[in-house]
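What follows draws every value from the coordinates through simple rules; no lab data is involved. It should be emphasised that the depicted structure is a prediction, and the values quoted were computed from it without experimental measurement. Here the Cβ is made from the backbone with ideal geometry for all residues, glycine too, and neighbour counts use every protein chain on show.
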Amino acid sequence: MLYDCRTTADRDRGIAAAVEAVKSGELVVMPTDTVYGVGADAFTPHAITSLHHARSVTNQVPPPVLVGSRHTLDGLVYSLPKAARELADAFWPGALTLYVEHSPSLQWDLGDTGGRVAVRMPLHPVALEVLRAVGPMAVTTANKVGQPAPVTAEAARDQLEYAVRVYLEAGQAHDPAPSTVVDVTGEVPQVLRAGAIPFEKLRDVVPEIVPLDEVGFSAPSGAGKSSAEA
């Protein structure tokens, strides 16, 4: 079912339907400040499996997690470094993905995370309303593998069809550039993927941050992949 969130009545019905779907372990497509994402409850294993199947994913890279508030991050991580806190305070909600060590006590099964996960708070009112109602969601780009990243919910529906319970349409994405990914699990923050937030702005907040071309190693599994674009 597709709901046009550009109208008040349809927006209210759509968000209510999306919240119900996520709590039932089903998939929803929603707008973010980058491209449209397809998401599921981060703590429902069969929903994560459905997420991979919907996108025809075979390698099952752990999906990024979207949150509805800055404070939710504190409940997901083992220990939040000072640099991570400063970056989140400066750029959340927004197109910054933080690659963090998640708490080992979390009852989720995102795949082979190695104890680390990509987390972001998107700058879109529809996404934030859903996230604040359901909690952390595993969200990845709402496309089939190898297909274009959708900039509307209708374009996502053309690809994912009946694998998704609810589509929330909010018009064309204004900035389809992927989020900037920063690894804050080491002693020095490192850019894993260049994106919507320029390195210079990151350095204004955390002067010691290392740019992408100086990282000197491959991005950890899933951290800099297209799965983090939403």
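Annotations for the structure displayed:
- About the centre of its Cα atoms, segment 79-178 shows a dipole size close to 180 debye [charges on the beta carbon of Lys, Arg (+1) and Asp, Glu (-1) only; nearest 20 debye].
- Number of Lys pairs (Cα under 30 Å; 8 or more positions apart or on different chains) in the chain: 6
- Spin-label pair Y162/D109, simplified geometry with 7 Å Cα→Cβ offset, distance in nm: 2.7
- Low-density loop positions, trypsin sites (Lys or Arg not before Pro), segment 153-206 - DSSP coil, at most 16 other Cβ in 10 Å: none
- Note on the chain: Cα convex hull, mean projected area over all directions, 11.1 nm².
- Stretchable slack from S69 to E208, in nm (0.36 nm times residue separation minus alpha-carbon distance): 47.4 nm
- Cβ-defined net charge surrounding A156, 11 Å radius [Lys, Arg +1; Asp, Glu -1]: -1
- Calculated mean residue ellipticity, 222 nm, the chain: -8000 deg cm²/dmol, from DSSP H runs (n ≥ 4) at -39500 (n - 2.57) each, averaged per residue and rounded to 500.
- Antiparallel bridges, percent of DSSP beta bridges restricted to the chain (to nearest 5): 60
- Net lengthening on full extension, M1/A16 (0.36 nm per residue, minus Cα-Cα): 4.2 nm
- Highest-fluctuation residue, V205, V164, V184 considered, GNM on the chain with Cα pairs under 10 Å: V205
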